[in-house]
Amino acid sequence: MSDALLLPLEKVNEHNTAILANTDILSTAITPTYSRGCVIFRIMVAMDAGGIFRATLTRAAVTVTLDFNTGFFLIPDTIHCFDLLASSGDTVNFQYSAAVTMLVLRVQEIGASI
């Protein structure tokens, strides 16, 4: 196993950004860089107001929208961390249920192949 698969790869690093409700946060969806098996996207997010944080996962032109935090509102001004599994061929974006200032959104890719 390559040690490189264990090193996080920065995919997103956004700070203090106004976002619209229920629209894609990233101008370009992210995809796994590692092509073997699946990867983990480790996500750290904080918003200035409560709302539901979601991922949009697209594969073969079919998009599903999935809630993080069991669909409960995030607590404002608090860091929340989530993991999302993704496979080669997936594209991922994020949405929030309210128009807010996104205080931070960091996403790191961690190779999960052995």
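All of the numbers you see were taken from the coordinates with simple rules; none came from a lab. Keep in mind it's a predicted model, so treat the numbers as computed, not measured. Note that each Cβ is placed from the backbone with ideal geometry, even for glycine, and that neighbours are counted across all protein chains shown.
What the table below lists for this structure:
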read-out	value
Total charge dipole magnitude, the chain, about the Cα centre, Cβ charges on Lys, Arg, Asp, Glu only, Debye to nearest 20	220
In nm, spacing of pseudo-spin labels at Asp67 and Ala99 (7 Å Cα→C-beta vector)	2.3
The stretch 1-108: chymotrypsin sites (Phe, Trp or Tyr not before Pro) falling in loop per DSSP and having at most 16 other Cβ within 10 Å	Phe72, Phe73
Gain upon complete extension [Met44, Ser87; 0.36 nm per residue less C-alpha separation]	13.5 nm
Top positive-direction residue, dipole computed over the chain with Cβ charges, set Thr101, Val39, Gly89	Gly89
Nitroxide proxy distance, nm - points 7 Å out along Cα→Cβ at His15 and Ala29	2.9
